[in-house]
Amino acid sequence: MRTGRPLSREAVIGLSLAGAYLLFAAVFWAYPFFWLARLSVTQWRFFDEPVFTGARNFLRTVRDPQFLLSLWNVVRFLLFYLPIAVAGALTVAFGLRHVGRGKAFVALCFLLSNVSSGVAMALVFTKIFSTTGPLNALVFDWVGVRIPWTNDPTLAMLAIALVVAWKFVGYYGLILYSGLLAVPRDIYDAARLDHAGPLTRLVRITLPLLNAQLMMVLVFAILVSFGLFTEPFLITGGGPADGTATPQMLIYETAFRRLQPSHAATMSILVSAVSYALIAAARRLFERKVVLA
Amino acid sequence: MNRRDLLVTGGLALLAGCSPRAERRRADVIRLWVAPNAAEEAFWKIAVGRWNAAGRGLPVRFTTIPTAGNSEDTVLSALVAGTEPDLCTNVFSGFAVQLAALGQVIDLATQGGFTDLVAHRRMDAIMPGWTRGGRVAAMPIYSSPTLIWWRGDLLEAAGLSAPPATYDEVYRFCDRYVRPGARYGMQVVAGRSWQDRWFDFIAFYYAASGGRPYLDGDRALYANAAGLAAAGFMDAMFRRGWTALDFDAEEPLVTGLAAGATRGPWDVERYARIYPDTLARIAVGPVPAVQSGEGVGPGSTFSDSKGAVIFRSSLVAQQAFEFLAWVLGDEAMNLLWLQRTGLSPARGDLLDNPRFAGYYRTNAIARAYAEHVATARPPALSEHTIDVQKIMTSRLVEPLMTGSAAPAQALADAVARTDRMLEAQA
Amino acid sequence: MTAGRGLGGWAATIGIYALALTWLYPFAWMVAASLKPTAQVYTTALFQGDWTLDNFRFLFATADTLDRPFLQAMGISALVTFSVTASVLLSSAFIAFALARLRFPGAKLFGDFLLLQMVIPTTMFILPLFVLVKQLGLLNSLAALILPSLMSGWGIYMMSQSFKAMPEEYFDAARLDRAGLWRTVTAVVAPLNKSIIAIVALFTFTGTWDNFLWPLIAISDTDRMPLAVLLATFSKQYGGYAGPVMAGAVLQTLPLVTLFVLFRRQFLQGMSLTLK
């Protein structure tokens, strides 16, 4: 701190306000952060005293088949979720650009699902996806079979992916739409002069120019997939044969049913690390700096 | 400045209102948690009302276990949070053993009035299934055998005068009744979660083995002839398309989608309320076994039994036990329980006791359940029930459902995994 | 793909409208199912069947007969959500103002710290937060639901981005008027940043009203549960009664949808701002 010059009144106010937040964060963010670190290197069962055990928790967690299965479930979720969500978002974005006056109405229809209650909608979708629910009634009328959504691990994951995609397509669509707005029209005119068909225009021009927004959607999707809890918990309860058991559900179960909070804490840390790594890998692979010459 | 003062005052008032309950443990009331289903809730409301009105002891306040998933998880997280009640019902024997191992429940055998209660209810045959090392962690409240409900009219139309009791009889019925995709013979798998194993594989196993245990301490025992018979039955039903993978939201017995399904006495109230016509046509039959018990009497089956525990942190343990003893011992209360839930109280004298005769005379379905109480076996006494049954689900039942493994192979795999898991936990 | 006249363009327009309406189907089904008797929920088409308010009556009747206090849970949810939203808005506005427009040592570090916080997922903290709240003795109380969410780093960051973009003239005028901190923020900054405030308010409200995992483990008494958790426990016990469960879902969703429809313009404006 500079000697001699007292802090201006402005600086005092600024520091107090920032300090208020830092105090809050110290209690409700930093302290849990350190507790998490502490829990992960001790053995504790809630009713006894924590015992320091070093890195044993990490070794055990990394080899825990259920934990690895939950991570694999995230990958399976993304395999379903990404194509559906991105395709849907692109449809919404292009639709918004195409529609003249009804933009606000269309946007609001898609956004409503994002803003409504996850708990309530999970319960609604449980009913909709059931064997005798309206979705199966429709499919039965068309094709003559009923889809056992919640009894097959793959279908259960697809069902969850559909529900979460329904929730987020509007939001992702808006993100992509804001990117679309920035694309100048004359590029398309030049492309048409070069006899580029609509598909080529989409893949070679539009998508690369949307790279920043697509990356944003990808990162959000990855974050959502690692934090998934409400939908699998309420709709499939972890799914047939743990087929939809997500890491968050496993952490909850490990802490509160098996009464192993240390194990759960270690899992939390590892899950965050894995999600980071995945995001970093995705950015390395797909992020491009696109500059309009 | 005025608005700011108002805000500050409002904020302080809010924070003041946020204070938690000052005393966590109270010594002037008995807190009770009961099973989260409508029928039992109705019973306890009356029982607690009568106890409180007559002032027989400390007042009791009850609520259903506030669970959004498994009631066991909720009880455990309440224990962790320190918000558990004094007395909790809906505890199955394995969970009681788990709670005892954690040191969270008291030994009921040491409570005053215990031996009297056991004698009065003639529970000598029942108590061994709940006693480990001479300690009783939970007091059984009811013992409900698992039986299969059949649509009597559909059975008759296919030429059966009584519900099928052996595998062959079931196969013969399915042959005549099943229309692929539209009608199934019987619901074989009760559900996807670990508790449902009680009502399918374990029930079939007990029926096939005559009540012999499927788990013993640290070894799984069910990869034997009886297990093979049970698994083989389930496999055959799926392979031949006589049962479906999922009978989820709708009631198959109502529409005839399946002619038989495992239903419990608790369903009587639900059917009476929503599907009264179907209820009139229900005939209750035993769990199919390899041979019928011709002339031998009712076959073995699984007994869904739950009991009550008293937590160690309770300050009113003895009074809570007195309340429990009154509810369980008083015959009027048992009759009320029967009337409300249809579940057989864990008493050895159900069919002999004249107080219940009137009830059983007028309730054929309940009578069928009471007849099987003696031969119904409770779940194996293990702290790792959930894990054992989850392995059963994913390694035995699910492969049988999809046909991805032969019965013998699935059994061997499940038993091997279970043994490994039990070893690791020990 | 310009806005084409002709058949293709019209088909696309109809297509997108149809898709938008399809997105509303689950809501329509939910409301329809809540107004039908349970036995008809699966057997009748969307708008067929008898109309009845029995499901709602059942929901509120169980409050009396079977100790499922739905009205109380709604009250708790409302109290918690309003408190948290008000607190977050107030704190975020002032702190964001400090970050964006006041000069003080360490301002940049503070901004970086906020970014760091936003990047670390909050789901990691549920378990140690539980331990912390237990140590504070606040489990099973409203404080457990309100205190950990009093301030939001995300809210501060969002608002500060918006405040940074304001032209200096407004503040010169305010300083000339010798406006204090309170007046500057409430009379100058807030009215000009309605969209971002609406966004922060809406997302905070939604997030708190619909918060599930945290109240699930922090609260274990039914008379202290917020509506989301009570609804889930109700569905667990009365899952077979589809009508009342859907009625509960309607109750849970109604405030959010209402807010959304009332403030849609600000919401849309704010969304486009946040995406820049």
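Selection of region C:226-253 for residues being more than 7 Å from every other protein chain (Cβ to nearest Cβ) and closer than 11 Å to C:A73 by Cβ yields C:P226, C:L227, C:L230, C:F234, C:G248, C:L251. Sub-6 Å Cβ pairs linking a first residue in region A:117-141 that is free of Cβ contacts under 8 Å to residues at least 40 places away in the same chain to a second residue that is basic (K, R) and surrounded by 24 or more Cβ atoms within 10 Å (Cβ to Cβ), at least 6 apart or interchain, are A:G133/A:K127, ordered by first then second residue. The test for being at pLDDT 85 or above, out of contact with any Asp or Glu (no Cβ under 9 Å at 6 or more places or on another chain), within 30 Å of A:Y172 (Cβ to Cβ) and of a type in the set (S, T, Y) holds for C:T206. In the condition set (1) among the β-branched types (V, I, T); (2) within 12 Å of chain B (Cβ to nearest Cβ); (3) within 22 Å of A:K167 (Cα to Cα), C:I219 is compliant with all but (3). For region C:168-268, the helices (runs of 4 or more DSSP H) that sit wholly inside it and include 3 or more residues that are closer than 27 Å to C:M30 by Cβ are C:194-209, C:213-218, C:227-237, C:242-262. Taking region A:183-226 as the search range and keeping residues that are at pLDDT 85 or above and aromatic (F, W, Y), which one is nearest to C:G9 (Cα to Cα)? Only one residue tops the list, namely A:F220. When the helices (runs of 4 or more DSSP H) confined to region B:45-150 are screened for residues that are under 23 Å from B:L215 (Cβ atoms), those reaching at least 1 such residues are found at B:71-81, B:93-101. Exactly one residue out of B:L279, B:L324 is surrounded by fewer than 22 Cβ atoms within 10 Å (Cβ to Cβ), at pLDDT 85 or above and at negative phi: that is B:L279.
The single condition from (1) without any contact (Cβ under 8 Å) to a residue 24 or more places away in the chain; (2) outside any helix (DSSP H, G or I); (3) buried (at least 19 other Cβ atoms within 10 Å of the Cβ) that A:L259 fails is (1). B:R197 satisfies every condition listed in (1) surrounded by fewer than 23 Cβ atoms within 10 Å (Cβ to Cβ); (2) assigned to a helix (DSSP H, G or I); (3) among the charged types (D, E, K, R) except (1). If you check B:A138, B:A96, B:A119, B:A162, which single one turns out to be surrounded by fewer than 24 Cβ atoms within 10 Å (Cβ to Cβ) and modelled with pLDDT of 90 or more? The unique qualifying residue is B:A119. If you go through region A:238-247 one residue at a time, do you hit one that is modelled with pLDDT of 90 or more, in contact with a helix residue (DSSP H, G or I) (Cβ under 8 Å, 6 or more places away or on another chain) and among the hydrophobic types (A, V, I, L, M, F, W, C)? For region A:238-247, residues modelled with pLDDT of 90 or more, in contact with a helix residue (DSSP H, G or I) (Cβ under 8 Å, 6 or more places away or on another chain) and among the hydrophobic types (A, V, I, L, M, F, W, C): present.
In this structure, A:E231 does not satisfy being out of contact with any Pro (no Cβ under 8 Å at 6 or more places or on another chain), within 13 Å of chain B (Cβ to nearest Cβ) and of a type outside the set (G, A, S). Regarding region A:79-96, can at least one residue be identified that is under 30 Å from A:T42 (Cβ atoms) and either aliphatic (A, V, I, L, M) or buried (at least 19 other Cβ atoms within 10 Å of the Cβ) (or both)? No; the residues of region A:79-96 include none that is under 30 Å from A:T42 (Cβ atoms) and either aliphatic (A, V, I, L, M) or buried (at least 19 other Cβ atoms within 10 Å of the Cβ) (or both). Which of the following residues is modelled with pLDDT of 90 or more and of a type in the set (D, E, K, R): B:R179, B:R151? Of the residues listed, the single one that is modelled with pLDDT of 90 or more and of a type in the set (D, E, K, R) is B:R151.
Residue check: is B:F92 in contact (Cβ under 8 Å) with a residue 60 or more places away in the chain, more than 10 Å from every other protein chain (Cβ to nearest Cβ) and touching a Pro at 6+ places or on another chain (Cβ under 8 Å)? Against the criterion (in contact (Cβ under 8 Å) with a residue 60 or more places away in the chain, more than 10 Å from every other protein chain (Cβ to nearest Cβ) and touching a Pro at 6+ places or on another chain (Cβ under 8 Å)), B:F92 qualifies. Among the basic types (K, R), in contact (Cβ under 8 Å) with a residue 60 or more places away in the chain and under 23 Å from B:D330 (Cβ atoms) - does that describe any residue in region B:58-71? So far as region B:58-71 goes, no, none of its residues is among the basic types (K, R), in contact (Cβ under 8 Å) with a residue 60 or more places away in the chain and under 23 Å from B:D330 (Cβ atoms). The number of residues in region A:97-110 that are in contact (Cβ under 8 Å) with a residue 24 or more places away in the chain and surrounded by fewer than 23 Cβ atoms within 10 Å (Cβ to Cβ) comes to 2. Of the helices (runs of 4 or more DSSP H) contained entirely in region C:47-158, those carrying at least 3 residues that are surrounded by fewer than 21 Cβ atoms within 10 Å (Cβ to Cβ) and either touching a residue at least 24 places away in the same chain (Cβ under 8 Å) or within 14 Å of chain A (Cβ to nearest Cβ) (or both) fall at C:54-66, C:70-101, C:107-119, C:126-135.
The criterion of being more than 29 Å from B:G159 (Cα to Cα) and part of a loop (DSSP other than H, G, I, E, B) does not hold for B:G181. Looking only at residues in region B:151-166 that are of a type outside the set (A, V, I, L, M) and assigned to a helix (DSSP H, G or I), the one that is farthest from B:A258 (Cα to Cα) is B:E156. Counting the residues of region A:193-218 that are at the interface with chain C (Cβ under 10 Å from one of its Cβ atoms) and surrounded by fewer than 19 Cβ atoms within 10 Å (Cβ to Cβ) gives 4.
Looking at region A:243-253 only, could you name the residues that are surrounded by fewer than 24 Cβ atoms within 10 Å (Cβ to Cβ) and either aromatic (F, W, Y) or free of Cβ contacts under 8 Å to residues at least 60 places away in the same chain (or both)? Result: A:Y252, A:E253. The single condition from (1) within 24 Å of C:L142 (Cα to Cα); (2) modelled with pLDDT under 90 that B:R61 fails is (2).
The values are calculated or read from the model by the stated rules, or taken from the named source; none is laboratory data. Keep in mind the model is a prediction, meaning the values are calculated, not measured. FYI the Cβ positions are ideal-geometry reconstructions off the backbone, even for glycines, and counts take in every protein chain you see.
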